[in-house]
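Okay, handing you the structure first.
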Amino acid sequence: MEASLHFVAVHTGAPAITLANVHLSDIKRIIKSEKTKKFLCTLRYNRTKGSANWRHEVTIEGLEEEESGDDPVYWLSAYLRKRCGILSSQWIERKN
């Protein structure tokens, strides 16, 4: 499970200290495109090395349920399901 978060960190260029401080409330939005079926997930990174009040938002794109070695949305979703029992669909805003 922790490897899932590590993959998201690597994909966004975030150091380990950043992801260790991401909370569920830092998932700002998840938008699903009806055309492409892809998700856009916006996360807020509040803390990084050297700054305890960074408040930087990053957006990752991908498919939630298609297992892929390089899809950060899949791995974030897998982490939330296994660790928290949460489906990202609880945050979805649908866009055309």
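The values are calculated or read from the model by the stated rules, or taken from the named source; none is laboratory data. Everything numeric in this text was worked out from a predicted model, so none of it was measured. Cβ sites come from the backbone with ideal geometry, for glycine too, and all protein chains shown count toward neighbours. Side chains are part of the model used for accessible areas, which takes the heavy atoms of the whole protein and leaves out ligands, DNA and RNA. Shrake-Rupley method; radii C 1.70, N 1.55, O 1.52, S 1.80 Å.
Which condition does residue 10 not pass, out of (1) of a type outside the set (Gly, Ala, Ser); (2) in contact with a Phe, Trp or Tyr (Cβ under 7 Å, 6 or more places away or on another chain); (3) over 22 Å from residue 87 (Cβ atoms); (4) open to solvent by 70 Å² or more (accessible area, probe 1.4 Å), if it passes all the others?
Of (1) of a type outside the set (Gly, Ala, Ser); (2) in contact with a Phe, Trp or Tyr (Cβ under 7 Å, 6 or more places away or on another chain); (3) over 22 Å from residue 87 (Cβ atoms); (4) open to solvent by 70 Å² or more (accessible area, probe 1.4 Å), only one is false for residue 10: (2).
Looking only at residues that are crowded, with 21+ Cβ neighbours inside 10 Å and within 17 Å of residue 20 (Cα to Cα) in segment 44-78, which one is nearest to the chain's Cα centre (by Cα)?
Going through the qualifying residues, I end up with 76.
Could you list, in sequence order, the residues of segment 18-43 that are of a type in the set (A, V, I, L, M, F, W, C), surrounded by 14 or more Cβ atoms within 10 Å (Cβ to Cβ) and modelled with pLDDT under 80?
Scanning segment 18-43 gives 19, 22.
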